Number of protein chains: 2
Amino acid sequence: MDKQNKNGTLVSFRPGIKVVDCTMRDGGLVNNFGFSDEFVKALYQANIKAGVDYMEFGYKASREIFDESEFGKWKFSKEEDLRAIVGDNDSNLKISVMADAGRTNYREDIIPKSESVIDMIRVATYIHQIPTAIHMIEDAKEKGYEVTVNVMAASKIPDESLFDGLWLLAKSNVDVIYLVDSFGSFYPEQISRLTAKYQELAEGKEIGFHGHNNQQLAFANTIEACRLGVNYLDASVSGMGRGSGNCHMEALLSFLRNPNYQLFPILKFVEDHMIKLRQEGWQWGYDIAYLLTGVLNNHPSSAIKFGKDKRVDYHRFYQELLEMD
Amino acid sequence: MDKQNKNGTLVSFRPGIKVVDCTMRDGGLVNNFGFSDEFVKALYQANIKAGVDYMEFGYKASREIFDESEFGKWKFSKEEDLRAIVGDNDSNLKISVMADAGRTNYREDIIPKSESVIDMIRVATYIHQIPTAIHMIEDAKEKGYEVTVNVMAASKIPDESLFDGLWLLAKSNVDVIYLVDSFGSFYPEQISRLTAKYQELAEGKEIGFHGHNNQQLAFANTIEACRLGVNYLDASVSGMGRGSGNCHMEALLSFLRNPNYQLFPILKFVEDHMIKLRQEGWQWGYDIAYLLTGVLNNHPSSAIKFGKDKRVDYHRFYQELLEMD
């Protein structure tokens, strides 16, 4: 009973939970970060009204590696672009950006927190980049930010390496370590096992979860992690995110019982802005092609291409995937 | 370890599992049972090739209550119509039909098993009809059928009544008792609690699970039930079923490790037949409107109407639902 109370029940709530909106960051991978200012301002206001804790605006990608003319501005999330939307962000909504290990000019592009409206830097790393990620973490901590680390593609990492990586990150100053289901291949019972491992190895750190909806399990995996004590929960409006997308914000806010969370502003935002994005032809969300890459624990790129090519020959696609293995 | 082995793991499989295709029965509620013979024959062949255990063709609805001219033939699933598709059903695929308590002329319309190609009668009952359901169960057992009972809308039944009903059913000759999430309102942790209760109260019976996808949890709830020992698992191709639909057959077969199950024939069937149904305008599957009725544990009828009226004002719909309460 103690544990159940600590973790909240289906009637009560756990105050430590933080909801992170990643519509623009993961969704930016769908539309190449081409969100209109009107969209971004409306999402910012909707998140404030909904009581969402963090809004991730995009990436802090290196302008030495990526050509600015080829992407919308939220690939780079410059300070002046952020301020054009949020001013000094006089609200309870915190602002985060993602910084990819090896693809961020972090020493220069991440300025001291005292000069920035950004509250949280989310370092994204593959397992072979952990030492780089730790440099980035310590750099951002010294500059005054909250810092999380997303260990990507966890479903592809052998236990020994994963646990070694978690042990290194646990010794760093990072605030939150994320379990990330990049390929949408985890089942809830695997989330359960890994959550316990993350909690054990990173004792004293908060744990987060970021899911993908390949098998229609992003929400299920998120609430499974939540039930076990994971406090940082990623979601995006209407699940907008690469490929099959993410946990739907509408579902997550419906599930959480904290009275600070309000579903209405998100529903209104969907009506006013998300439906239009769909009509413009941007595609994301569950499809059999994503199910198949998820089941096979593959990167979704081939399924994204399948969709863009307007193919529906699922059985041939499945054959192709099996032959790739 | 013993329990884990008994229940199968993510690598092994549990031989007792039975997959029940309810595409035509629950999906018939979408298109008024108007499936073409070509569709039905192709689904029958696909299910045989896929190793699916049971195919539910439709209802055995009373022709005294329902006017035959108003429905497709699978509302009534007459013996001659079944035989026109399956002949003597010379296959390993078993055939089932659903019989609603209070809406089936079961004494006459369910003929002796020796004269029928039907293998299994699925009695569907609300909690207030349990004595009627038990009469139907005993009638069908005496006639020689396998018999299951679906206790519908379990999420609306107080524990005391539900457990009383299960106790009565446990004393009957029914083979399988189904936990049914009619409104798509259950979370996996509730499935876990109820599965244990069904198993305890109906010791010696098989347990089944039938989910709805209002909260994108039909597959998650199905594999949660499966993990805990539930052997009869309902799914439909592309989730076709009333409102938000059911557990997707594609996802379920991908998950199960029994080599007798084949995904390819189902993928081929989707390409050749399901896409066409969508193009004809039939609607089912996840939508925010279904999420909202699911969260509120309401019948999906208002969300179905919302979709048919081509409404997208989700926040007003949510207000309407809250005012209905």
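The values are calculated or read from the model by the stated rules, or taken from the named source; none is laboratory data. Just so we're clear, the structure is a prediction, and the values are computed from it rather than from any experiment. As a convention, Cβ positions derive from the backbone with ideal geometry for all residues, glycine included, and neighbour counts pool all protein chains shown.
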Reported set for the range A:237-266 where residues are part of a loop (DSSP other than H, G, I, E, B), within 12 Å of chain B (Cβ to nearest Cβ), over 30 Å from A:Asp309 (Cβ atoms) and modelled with pLDDT of 95 or more is A:Leu256, A:Gln262, A:Leu263
Taking the range B:31-58 and keeping residues among the hydrophobic types (A, V, I, L, M, F, W, C) and either at pLDDT below 95 or not in a loop (DSSP other than H, G, I, E, B) (or both) leaves B:Phe39, B:Val40, B:Ala42, B:Leu43, B:Ala46, B:Ile48, B:Ala50, B:Met55, B:Phe57
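Filter the range A:271-287 down to residues that are of a type in the set (A, V, I, L, M, F, W, C) and surrounded by fewer than 19 Cβ atoms within 10 Å (Cβ to Cβ) and give me whichever is nearest to A:Gly34 (Cα to Cα).
Here the residue is A:Trp282.
Out of B:Phe33, B:Phe13, B:Phe66, which single residue is surrounded by 13 or more Cβ atoms within 10 Å (Cβ to Cβ) and free of Cβ contacts under 8 Å to residues at least 40 places away in the same chain?
Result: B:Phe66 is the single residue among B:Phe33, B:Phe13, B:Phe66 that is surrounded by 13 or more Cβ atoms within 10 Å (Cβ to Cβ) and free of Cβ contacts under 8 Å to residues at least 40 places away in the same chain.
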Could you list all residues from the range A:45-56 that are closer than 15 Å to A:Asp272 by Cα, surrounded by 22 or more Cβ atoms within 10 Å (Cβ to Cβ) and more than 16 Å from the chain's Cα centre (by Cα)? A:Ala46
Quick check on my filter: what residues within the range A:241-265 are hydrophobic (A, V, I, L, M, F, W, C) and under 13 Å from A:Asp21 (Cβ atoms)? A:Cys247, A:Met249, A:Leu252, A:Leu253
Counted residues, the range B:195-218 - those being in a helix (DSSP H, G or I) and farther than 20 Å from B:Ala289 by Cβ: 7
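Filtering the range B:267-325 down to residues that are acidic (Asp, Glu), within 13 Å of chain A (Cβ to nearest Cβ) and assigned to a loop (DSSP other than H, G, I, E, B), which residue is farthest from the chain's Cα centre (by Cα)?
The initial filter retains those residues of the range B:267-325 that are acidic (Asp, Glu), namely B:271-272, B:280, B:287, B:309, B:313, B:320, B:323, B:325.
Pick out the ones that are also within 13 Å of chain A (Cβ to nearest Cβ) and you get B:271-272, B:287, B:313, B:320.
Now restrict to residues that are assigned to a loop (DSSP other than H, G, I, E, B): B:287, B:313.
Values: B:Asp287: 20, B:Asp313: 30 Å.
Looking at residues that are acidic (Asp, Glu), within 13 Å of chain A (Cβ to nearest Cβ) and assigned to a loop (DSSP other than H, G, I, E, B), I get B:Asp313.
Give the range A:220-236 a look and list any residue that's within 13 Å of chain B (Cβ to nearest Cβ) and either free of Cβ contacts under 8 Å to residues at least 12 places away in the same chain or more than 13 Å from the chain's Cα centre (by Cα) (or both), or say none.
A:Ala220, A:Asn221, A:Ile223, A:Glu224, A:Ala225, A:Cys226, A:Arg227, A:Leu228
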Among the residues of the range B:195-202, is there at least one that is within 11 Å of chain A (Cβ to nearest Cβ) and buried (at least 24 other Cβ atoms within 10 Å of the Cβ)? no
